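Since the structure comes first, as structure tokens, the remarks are kept for the end.
The values are calculated or read from the model by the stated rules, or taken from the named source; none is laboratory data. Treat the numbers as computed from the prediction; the structure is a model and nothing was measured. Quick reminder, even Gly has a Cβ in these numbers, built from the backbone with ideal geometry, and neighbours come from all protein chains shown.
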Amino acid sequence: MTEPAAAAPNNVRTVGVLGAGQLGRMLALAGIPLGLEFIFYSDRPDDTARTLGDHIHAEYTDLEAIASFARRCDVVTFEFENVPAATAEAVSAAGTPIAPGPRSLAITQDRLLEKTTFHKLDVPTNAFHAVNNAADALAAIEAVGLPAVLKTRTLGYDGKGQGLVRTPAQAERVFDELGGVPLLAEAFVPFTRELSTISVRTWSGEVAHYPLTQNTHEAGILARSVAPAPNVSPDLTKQAQQAAERVMTELGHVGVLAIEWFEHEGRLLANECAPRVHNSGHWTQDAAATCQFENHCRAVCNWPLGPSHVIALDEKRNLICVTPGVI
């Protein structure tokens, strides 16, 4: 069921951000020129965004501190999806709007719930199967086929928390290596390339999309993005954008949502999504009419979105090529 619309904020001046890392800093750098002030909450005393606003250093599980932080803000957002869902719920309980909402956070930080949501919305994915114990690992491998990838359901990023399984005998070993925690088994996709969409949605349902971006990863970490992605058909763009809109509507999502795709045999298969500004959208800072960071601020503050079309193109290749670095 789609998450019911929460009360949208009005007359926003102060934005609270759960997390105070690089993406939080980029949000503030985009929002301060709009007249916004920022308060950051993180469990690290030396996070890079702390110089751009007030910084509260406390644990995400300290719900009293979270409530106090929330009451100082007109709206709260987050820069990474590993914030505990209970933390987001504590913000809402304090009476402060949070965007994206707790449901977006809960679904996208659990790979099984995420893939199940894709399946429910007819967003194509590779085959997947839940793994709760070592015995399940063998059954899951039989269900999705070999080779397969075992992934932790939560807390995996930049290639961490996953292992490739080429034979049934490897399944239990990889399960143990990943800590014996609940996993997701996925069919390995011999993809042509990796793509991503950056989309943004407001409280009222206004949506904007940035062009598909082609990404190259090294050791599981994004090393290079090319935007707009070359050789993308209108049908492929339409498929990606319609899928993103279905996901955002289902989740009642407000703010930026990134979806990472495998292109395989001319089709897009959804790999995973991130309910936040994304490193494959860094190019928008210099090459889009409104960057993803400003549009995220606009969305969560209940303001109209800025245009998302490309305004800068490489003269030789008609492309923008950037190296986003490590987040």
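Things worth noting here:
- Only one entry of Thr202, Thr197, Thr216 meets the criterion of being hydroxyl-bearing (Ser, Thr, Tyr) and free of Cβ contacts under 8 Å to residues at least 40 places away in the same chain, and that entry is Thr216.
Residue-wise test of (1) in contact with a strand residue (DSSP E or B) (Cβ under 8 Å, 6 or more places away or on another chain); (2) of a type in the set (A, V, I, L, M); (3) closer than 28 Å to Pro275 by Cβ; (4) in the same structural domain as Gly266 (by TED's automatic domain parsing).
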residue	(1), (2), (3), (4)
Lys115	yes, no, yes, no
Lys120	no, no, yes, no
Leu150	yes, yes, yes, no
Pro182	yes, no, yes, no
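- Qualifying residue in the stretch 75-88 (condition: assigned to a loop (DSSP other than H, G, I, E, B), in the same structural domain as Tyr41 (by TED's automatic domain parsing) and over 18 Å from Ser42 (Cβ atoms)): no
- Residues of the stretch 26-47 satisfying the condition of being farther than 11 Å from Glu79 by Cβ and not hydrophobic (A, V, I, L, M, F, W, C): Gly31, Pro33, Gly35, Glu37, Asp43, Arg44, Pro45, Asp46
- Conditions (1) surrounded by fewer than 18 Cβ atoms within 10 Å (Cβ to Cβ); (2) in contact with a helix residue (DSSP H, G or I) (Cβ under 9 Å, 6 or more places away or on another chain); (3) over 28 Å from Thr116 (Cα atoms): number failed by Asp43: (2)
- Of all residues in the stretch 10-22, those that are surrounded by 23 or more Cβ atoms within 10 Å (Cβ to Cβ) and either modelled with pLDDT under 95 or under 24 Å from Gly252 (Cβ atoms) (or both) total 5.
- One residue stands out in the stretch 122-167 among those that are assigned to a loop (DSSP other than H, G, I, E, B) and among the acidic types (Asp, Glu): the one that is modelled with the highest pLDDT, namely Asp122.
- Residue match in the stretch 97-104 (condition: touching a helix residue (DSSP H, G or I) at 6+ places or on another chain (Cβ under 7 Å) and surrounded by fewer than 19 Cβ atoms within 10 Å (Cβ to Cβ)): no
- Applying a threshold of 6 Å to beta carbon distances and a minimum spacing of six or more residues, or different chains, the list of pairs starting in the stretch 273-292 at a residue that is in contact (Cβ under 8 Å) with a residue 40 or more places away in the chain and crowded, with 24+ Cβ neighbours inside 10 Å and ending at one that is of a type in the set (A, V, I, L, M, F, W, C) and assigned to a loop (DSSP other than H, G, I, E, B) reads Thr284/Cys291; Gln292/Val277.
- Qualifying residue in the stretch 230-240 (condition: within 23 Å of Gln109 (Cα to Cα), touching a residue at least 40 places away in the same chain (Cβ under 8 Å) and touching a strand residue (DSSP E or B) at 6+ places or on another chain (Cβ under 8 Å)): yes
- Filtered by the rule that a residue be touching a residue at least 24 places away in the same chain (Cβ under 8 Å), farther than 14 Å from Arg267 by Cβ and under 17 Å from the mean Cα position of the chain (by Cα), the stretch 114-128 gives Glu114, Lys115, Thr117.
- Members of the stretch 103-112 found to be in contact (Cβ under 8 Å) with a residue 24 or more places away in the chain and assigned to a helix (DSSP H, G or I), listed by number: Arg103, Ser104, Leu105, Ile107, Thr108, Arg111, Leu112
- Checked against (1) closer than 30 Å to His119 by Cβ; (2) in a strand (DSSP E or B), Phe38 passes all but condition (1).
- Those residues of the stretch 70-80 which are in contact with a strand residue (DSSP E or B) (Cβ under 7 Å, 6 or more places away or on another chain) and surrounded by fewer than 24 Cβ atoms within 10 Å (Cβ to Cβ), in sequence order: Arg72, Asp74
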